[in-house]
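Only one structure is covered here, and it is reproduced in the block below.
The values are calculated or read from the model by the stated rules, or taken from the named source; none is laboratory data. Remember, it's a predicted structure, so these values are computed and weren't measured experimentally. Here the Cβ is made from the backbone with ideal geometry for all residues, glycine too, and neighbour counts use every protein chain on show.
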Amino acid sequence: MRVTVGHLLDGTRCPRGAPDLSRTTHSRKWTFWLSFFTILNRTQQLVVGFFVLVWIALVAILVLAPEVYTQTLQKVAGKSLAIEASLLIALSALIAVLVVGVFRRWRWTFWLVLIAFLSGVLRLPASALQLAGVMPASGPTWYEALQGVIGVVQFLIAIAMIAGYRKAGVWGQF
């Protein structure tokens, strides 16, 4: 009888005679999620999580309150449904490229996200001025408040990214 060396879920070898858990379907699912959290550090998880939440918010706004984007997009000639679908596809592709860049630790993605997130702080005074009525609002009150919150969250993530950069370089953990 031949005894082989098995593998645990984290890829390490286990003693002779122990079952090889890496070959079961159930363990592959766990291995994927375990490797997801071990591949990405806290900074990357924060950025990817932000992108996922922003994409979910975009879809929710397009489904639940399409008038937010419809009034802006009506300046472009064409059917509003096709334009909204094009907007969703284009933004989904952009977010997907950025998420791949975070996973692959591309330097240009780090700097692009950092600059965009640092400039997110400008959303706060713009939203405050729009809510105060000094500037014309680009949407309903709740949308302007959401834009301000997103700007603050972006800026806080940018501060964490800078801390990680000073500590360990590009995509360093804060």
Of (1) surrounded by fewer than 16 Cβ atoms within 10 Å (Cβ to Cβ); (2) of a type outside the set (D, E, K, R); (3) without any contact (Cβ under 8 Å) to a residue 12 or more places away in the chain, THR72 satisfies every one except (3)
Among the listed residues GLN130, GLN173, identify the single one that is in the same structural domain as TRP55 (by TED's automatic domain parsing) and among the polar types (S, T, N, Q). GLN130
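Residues are listed down the side, and each one gets a yes or a no for (1) among the hydrophobic types (A, V, I, L, M, F, W, C); (2) closer than 17 Å to GLY169 by Cα:
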position	(1), (2)
ILE89	yes, no
ALA93	yes, no
LEU98	yes, no
VAL102	yes, yes
ARG105	no, yes
SER119	no, no
GLY139	no, no
Is it the case that GLN147 is free of Cβ contacts under 8 Å to residues at least 60 places away in the same chain, under 19 Å from TRP55 (Cβ atoms) and over 14 Å from the mean Cα position of the chain (by Cα)? yes
When ARG166 is run through (1) part of a helix (DSSP H, G or I); (2) farther than 20 Å from GLU67 by Cα; (3) touching a residue at least 12 places away in the same chain (Cβ under 8 Å), the failure sits at (3)
